[in-house]
Structure formats: structure tokens, C-alpha cells
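Heads up: the structure comes next, in C-alpha cells.
The values are calculated or read from the model by the stated rules, or taken from the named source; none is laboratory data. These numbers come from a predicted model, not from an experiment. Cβ sites come from the backbone with ideal geometry, for glycine too, and all protein chains shown count toward neighbours. Side chains are part of the model used for accessible areas, which takes the heavy atoms of the whole protein and leaves out ligands, DNA and RNA. Shrake-Rupley method; radii C 1.70, N 1.55, O 1.52, S 1.80 Å.
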Amino acid sequence: MTSTAQDLHPAPVLEPGRTILELRGLEKRYPGTHALKPVNLAFKSGEIHAIVGENGAGKSTLIKLLTGVMPRTSGEVIWEGQPAALATPHEAMALGINAVHQEVVLCRHLTVAANMFLGEENSRFGILQQRAMVKEAQKIIDDLGFDLPAHVTLGDLTIGQQQLIAAARATVRGTKFLIFDEPTAYLTRKEADQLFTLIRRLKGEGVTIIYISHRMEEVFELADRVSVLRDGTLVGTRNIAETNDAELVKMMINRSIEQVYHKEHFTPGAAIIEARNLSGKGFENVSMTVRAGEIVGLYGLIGAGRSEFVTTLYGRHRKSAGQILWEGKDVQVNSEHDAIKLGMALAPESRRDQGLCLNLPVGLNLNLPIYKRISKNLLISSAQEKTQADRQIADLRIKTPTRGALASSLSGGNQQKIVIGKWLAHGAKLFIFDEPTVGVDVGTKAEIYRLFGALLSKGAGIILISSYLPEVYELADTLHVFRRGKLVATHGFRAASHEDILTQALAEKQEKLGGQI
Amino acid sequence: MSTEAIAVEKPKRNYNVLFGLTLLALLVLLWILLSVATTSFASANNIANLLRQGSMIAIMAVGQTFVIITGGIDLSVGAVVGFATVVVAMMINAGFPIWLAILVTLLVGVAIGMFHGFGIVKMGLPPFIITLATLTSLRGIGLLMTNGNSININSDTFTAFSRNSFIGIPNLFWMVILVGIPAYVFLHHSRWGRYLFSVGSNAEASRLSGVNVQRTIYMAYTLSGLCAAFVGVLLAARIGIGNPTQAEGWELQAIASSVIGGTSLFGAVGSVHGPLLGAFILATINNGANLLNVNSFWQRIITGALIIIIVYFDGLRRRGK
């Protein structure tokens, strides 16, 4: 690194294998819930310690306690042999505890360099040394092998690239204990590899890494040890060499899933929608058909044009050329309203930005697309409003105290169930799911996949967009591969190998993602 | 699940009701204190006067609340009131029947609101800017139309309305009820009311769920303009003149009433009863301060302090949940 980072902060001198942080009976209660039951756990310096568990198992709570975002209810945290209060984020950072969150918490309007040095700006006589900071930031980024420019505005980068910057930022601050919360959720495989390289390097320098992920293969690829949380209880800790996928899943959900990827095959019926040589912003000349009873998977890197293609089908963006046929008839889809009227439903990529009204009740979110149906002359039937919402909550097993609870109070997986669930009562024919299982645990994933089966059995068609290859691979009857706005390959169910599909999505292996900016 | 859901739902309902009751208690407390502290407060005359004072801000605050729930703001309402007094006065003096004059004035309010919607939706202007622009230009247009003079309204039937009462309650207060009940049904029991909340919470999610976001925004500003024009008609009747510089600063009083009534300036939180109570709390403070011979400068300071205190405690309780 590191001459640069070391100049900024002396590298942490840590004996590998020594206990750096110990939790003794750490506990957190919220009004009404016991989010974390007393946990005893010791983290060693220079280890990568994975923490897995379903949504709501207490992982986020644990992070919040360790980073000083929330006070603990009881128990002790021993940092390098001394009790630490961890009452404020500032205290945690001063000790050397940092976190990289799933959603990037940086300033999108500032440059990459400004973000890297946010709070520790380099200034002389009160004047920011902008050029020096850009230079230094660039050196750090280059050194990490990220191949990203330091002078551009952060918001101009993809979410994955922003995530890498967030990780880089955390490493230059004398960090001894670094928490990654689901860092690869929005990363492409290549970006993820860059991140893993960084993580291994930090480990080599004696930094303790907490790695939280739903992706088992990442856990096995990276971690030395893994701890499993379930319902706020630490179920156990294993050395990675002494455990396997099946054991961890069983510990997490306390029941064995025969098959997470629950796939039902139906004989495809008539075509629901057909795109003929469709072009628009971000994609060109795409043709495909979705028939009743089938899942059409769209695989590719983030930015390959998949989301732009479906949002154009959905009327969010205008097509520039080509035709859309709905049940064999040529249609113009000029707005989301048109699309919904035809019978399309879209569960968008970003829950927070596009999917949910977070500060409104669960019930309102669930009923949003169907208010027209449950009201008479503008006035809403409150009885129907209640029964509809309660039925969805029960059918989808959404964990919420009541339909009146705010959507923001639910865990990520349950929020995702709302995003999907609001379309079930609406009765659409074509469902478009854009990254439906990002940040969702195994149990919820299985529930969502089973939901797909239920929709197909009712004669609906599904377009499934995913950056997670096993997901589209195991579920899609037809798999289309996108690269740079073009549909480059089409495969039947499990008809091609993972390697082939990856190669098609990536094309030239040395292609520089950063070069596109 | 569902039985449990019903059991746990009560706290939330209670919270909204509780906040309303707290405001009501504050209002009653103020009335009791002022009745004890002054001899003139509890007189029928003063109460009627208080109700008249509060009514107009209350109606404006309801329209303003619709806009704030969508995450916007309408700074133009004070100017719309002033402009509406001019329109209605000129039409009545020109010999048009009163009902027609009122109708046209209301339509002018609707048109101004539509223009705001157009500026926000089609031109992409921030609500603050477009309504600030109409605030200044409407005053200017009104001054051009009147050459800067006041217009004395020559219809007694029109002006008598604001002085009269119906079964002991001033007509102006009846107007609050006339606006308040449909507004309540609209906001809390109609589809479009729900859409105001959903757009204020997340416009993109609403759009993707099939909500017509543009129409919802048009609607909010149109209703706000309509309420303001209606208040302009009432004000013209009350003071008997049309003058474009009337109702200076009323937009801030309307916003203050709305915020005191629990509306969140971040959008998606608000009610109809809240701003109504907020408006009458403000009116009571002004009225009481006059009776107690408190320097009118103090009234402004008290109002400011009250906004900070109420919004702070409301925020505390929301976060405390």
C-alpha cells in the first residue's frame, strides 16, 4: 500500500492471532424485541471472520453496537485488553473500528478524492490542498489496483465502484478492525475480486475483518472462521475448513432446505410479450419473447443494459426503435400507467429508491397498485384495504407487528417481500423482477423462488434480472446474456456452463470497467 | 397473525389521536388561562372575533398541508389571497352577480395552482422557486390592476356575510367546517389522498406502482390555490375592500399552523385536524397578547418559540417510538 497509507498512519503493529476484541455477554434489547441475546465471542487480529444469518438474525444490531451507532443494553466489550464503552461512532473510529456498509454512505456530489479524505482533509493555513489530495487519493486507488479516477464526482461511478471507494476509504484511517456488511451485493464479479484482493491484503497486515454476506461461496472463499446468528442468538462458530455449506445453512435456518432453488417446470403457453428489434437508451436491437409459465432470465454485468431494457418495456423510458407486442398485438407503452394497464408489474432494483414508501405503513405500500380497485368513486373501502393488506402479510409471511407499522422498520428481506407482494393482488400477467434477492437471506430467497412457481402456475410470465449467476442459471427456462447494451447469447435451462455464460457476459477478459467513465 | 396485528395496532392510532388531543388540550389551556387573566377574553364578542381571525389562516393551512405532504411548499398563498380580494372586488363593483364573482375568483385560484403544477412537473422547477416567483409577481399584477389603490366594495350583501352568524357561530367559522370535512374525507379516505402521501414518501416507487405522480402534484397545488382564493373572498367580505397588498406574510402563518399541527416538511406526514388546531392556537396567542397589552413584537417571538417547542417534542416522540 502502501507507502502512501503508511505515511498517513503508521501501519498497525499487531501480532497475528492475538485476541483484539472480545464480546462478553453483549446484549441488545429494543422495546418489544430482544435483538441480540448475550453473545460471547473473541476476534483475533489478522483473521477474516464471516458472520452469517438470516435477515433479522441480529447481524446489523451487532454491527451497530460495535461501531458505536447504538448503545448496548448490557455486557462488555474488551478492546485490546481494556473495556471499551463504544458509546459513539467517533470513539469506535478512534480505536480503529470501521465499517463499510451495503448501501454506500458517502457524499455523492463530492469528488472521489474529497470523499476519501472527508473529515481528515489536507489543508494548509485553512486552504484545502485539493490537487495534493487528488494526487494522493489517486495513488492509494492505483496502489489497490482499482483503476478508478480520483478527480471525478463519486455519483458518476457505478454503485459497485462507489463501494470499492468506500472500502479504500476505510483502509487509510489506521483501521485495525474492519466490518464489511454485505459488500458485494451490488458488485460485478470483477469488482468483487478486486475487493477480495484488498481484504486479503489487509488481513496480511494484521487487520481483523468481519465479513457479513449471504453468499456462501464468498464465505468459503475468504473466511478463516464463521459465526452463525439465528434469532439474535449466536448458534456457533466454526473453522472454515471444518464445516460446509449444508451445515451452515442448517444452523442458520434450523431446518435443512433440500433445494433453495425451487424450480417448477411448466409447459410454456402463448406469448405474453415480445420485443422485436427494440432499441432505447442503453441497449440496442434486442429481441425476445416471454411466454406464459416461463421464467426468462437476463444475465450480465451491472450497466449491461438489462435494467434499461425492462424499464423501457415498462414505459419508464421511450424506445428509440423497434416494436413491443403484447399478446400478439403491437402496443405503445408510453408510461408506467400504460404498462400496468396491460398487465405488467415491476419490482425494481433498488428497494429504497424505487420500491417502497419507507415512511408509510406496510399496508399502504401493499395496496398502492390496487387502490383503484378497492375504492368506489374515489372513496376507499377501509374494510377491503385492511383485508387485502392482512392477506398479503399472511400469505407472504411478512414479519411485521401490524399492517400499520412503517415499512422502514422491517428487515431487508421483509421489505423485499412487500415490493414483490404488492403486485400479487393486482393480478398481473408479466412480472419483471430486477435483482429480487439482493441482500436477502437464504430462507427468504427460497420463499421468493417458491412465489415464482406460484405465479407461473397461474399462467404468468416472469422476467428475472440477476447479477448472481447461480440464481438465473437455476431458475430461468430461457437465459439471455447481455453485454454492453446488446443481447449476445441465449441458452435453454442449464444448457450452457457457468464458464461459458461468464465469458459471454465479460467478453474480453481484460476489459477495463473503469475505462468507461 | 391478524388478531395479533389488530392488538398491536392501537399504539400507532393512539399516537396520532394523542398528538391531536395534546394540541386540543393546549388550545383549551390557553383559553382557560386567558379567561382567568383577562375580563374581555371570554366575552361572546371576543370569541367570535377570535374564530373569525383563526378561520382564514385555518383554511389556507389545510391547502398548504396537502402541498407539504407531497414534499413541496406553497409560498404564494398569501399573495393569492391579496390578489383574490382584488378580483372579487373588481367584479362585484363592475356589476357582476356575487355568485359569479366568487366563482371566477375561485377559478383564478385554481388556475394559479395549475400553473404551479405546470412549473414543477413540466418545467422541473423546485416548488420553493416557482411559488416564490408567483408570490412577488401576483402582488405586482394586483398593484398594476388597481394602480396601487384599494377598491371599496359597494355591495353590502357581500360584506354582511362575514359579520353575520348562523346559530350563534360566525359564518367564517362555518366556512372552516365547510372546507374541513371534505378535506378530511379527501385526505384520509380517498384514493387521491393516499397518493398525496405516497408521492411525498417516494415519488419513484409511486410512479412504478402506477400512481399518476404528475396529476397528484397538480392536484395538491390546485387545491392549495383554491383554498387561498376562497380565503381571499372571505377576507374581501370581512374588510370590505380589494387590495393586493393584503395578507402579507400569511403564507408563513399557514405553514406555521401546518407544522404546529404535526405536518412534516419532509413530506408524507400530516392530517387535516392538525393544521386547523394549529391555526386556532396561533390566533389565540395573537388575540390573547392583544388583550393582555403585550407588545405585538412579542407575539411574533412567541409564535417562533412555539414552533420550535412543538416540532421538537413531536420529533422526540416520533423518534422515541
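Data overview
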item	result
For chain A, diffusion coefficient by Stokes-Einstein and Kirkwood Rh (Cα), 10 °C, 1.306 mPa s, µm²/s	65 µm²/s
Fraction of accessible area attributable to carbon and sulfur, the stretch A:357-426 (%, probe 1.4 Å)	54 percent
Pairs of alpha carbons in the stretch B:138-191 whose separation is greater than 15 Å (percent)	68 percent
With all protein chains modelled, accessible area of A:GLU120 [1.4 Å, Å²]	80 Å²
Sequence of A:ARG230, A:ARG391 when ordered by accessible area, the most exposed leading, probe 1.4 angstrom	A:ARG391, A:ARG230
Per-residue [θ]222 nm for chain A (sum of -39500 (n - 2.57) over DSSP H runs n ≥ 4, rounded to 500)	-9000 deg cm²/dmol
Angle between chain A longest axis and helix A:382-395 axis [Cα atoms, degrees, rounded to 10]	60 degrees
Calculated [θ] (222 nm, deg cm²/dmol) that DSSP helices of n ≥ 4 give over chain B, each run adding -39,500 (n - 2.57)	-26500 deg cm²/dmol
When each of A:LYS341/A:LYS445; A:LYS37/A:LYS190; A:LYS190/A:LYS399 is checked by Cα-Cα distance, pairs over 32 Å	A:LYS37/A:LYS190; A:LYS190/A:LYS399
Electrostatic dipole magnitude of the stretch A:386-446 [Cβ: Lys, Arg +1; Asp, Glu -1; Cα centre; debye, to 20]	240 debye
Relative contact order [Cα under 8 Å, 6+ residues apart], the stretch B:187-321, whole percent	19 percent
Hydrodynamic radius by Kirkwood, which averages 1/r over all alpha carbon pairs of the stretch B:7-133, in angstrom	18.3 Å
Area buried, chain A against chain B - accessible surface, total, 1.4 angstrom probe, square angstrom	2800 Å²
Charge-dipole axis of the stretch A:357-426 as Lys and Arg at +1 and Asp and Glu at -1 on Cβ define it, positive-most pick from A:ASN359, A:GLN415, A:ILE393	A:ILE393
Length-normalised contact order for the stretch A:357-426 - Cα pairs under 8 Å, 6+ apart - percent	47 percent
Computed E for A:PHE125/B:ILE129 - FRET, C-beta separation, R0 41 angstrom, nearest 0.05	0.65
Mean-position separation - Cα centroids, the stretch B:144-170 and the stretch B:38-75, in angstrom	19 Å
GNM top mover of B:GLY117, B:GLY249, B:GLY270 - chain B, alpha-carbon springs below 10 Å	B:GLY249
Descending principal axes extents, the stretch B:165-321, alpha-carbon based, whole Å	55, 39, 33
Scaled radius of gyration (Cα, divided by 2.2 N^0.38 Å) that the stretch B:194-240 gives	1.62
0 to 90° range, to nearest 10: angle between helix A:412-421 axis and chain A longest Cα axis	10 degrees
A:ARG169, B:ARG300, ranked by accessible area, largest first (probe 1.4 Å)	B:ARG300, A:ARG169
Summed residue charge, Cβ within 10 Å of A:SER350's Cβ, Lys/Arg positive, Asp/Glu negative	-4
Under 5 Å, built H, 5+ apart or other chain: amide partners of A:ILE210	A:HIS49, A:LEU178, A:ILE179, A:PHE180
Rel. contact order, % - alpha carbon contacts under 8 angstrom, at least six apart, chain A	15 percent
Helix A:442-457 axis, angle to chain A major axis (alpha carbon atoms, nearest 10°)	10 degrees
Distance from the stretch B:178-227 to the stretch A:17-53 (C-alpha centre basis), Å	46 Å
Unit charges at the beta carbon, dipole of chain B: most positive-side option, B:SER162, B:GLY71, B:SER258	B:GLY71
Too-long pairs where the Cα-Cα distance tops 29 Å, listed order kept, from A:LYS64/A:LYS139; A:LYS44/A:LYS135; A:LYS139/A:LYS176	A:LYS64/A:LYS139; A:LYS44/A:LYS135
Gaussian network model of chain B, springs between alpha carbon atoms under 10 Å - residue of B:VAL88, B:VAL77, B:VAL213 with greatest fluctuation	B:VAL213
Global geometry of the stretch B:41-320, whether rounded, prolate or oblate, following the gyration tensor of its Cα atoms and the 1.5 cut on a/c	oblate
Exposure of A:THR490 as accessible area (Å², to 10), given a probe of 1.4 Å and all protein chains	80 Å²
Accessible surface of A:MET93 - all protein chains present, 1.4 Å probe, nearest 10 Å²	100 Å²
Percent antiparallel among DSSP beta bridges (both partners in chain A, rounded to 5)	55 percent
Accessible surface, 1.4 Å probe, highest first, among residues A:ARG200, A:ARG131, A:ARG173	A:ARG131, A:ARG200, A:ARG173
FRET efficiency for A:ARG29 and A:THR237, using Cβ-Cβ distance with R0 set to 22 Å, rounded to 0.05	0.45
About the Cα centre, charge dipole magnitude for the stretch B:41-320 (Lys/Arg +1, Asp/Glu -1 at Cβ), debye	440 debye
Approximate spin-label separation A:ALA87-A:ALA246, in nm, with each point projected 7 Å along Cα-to-Cβ	5.1 nm
Fraction of alpha-carbon pairs over 19 Å apart in the stretch A:357-426 - percent	24 percent
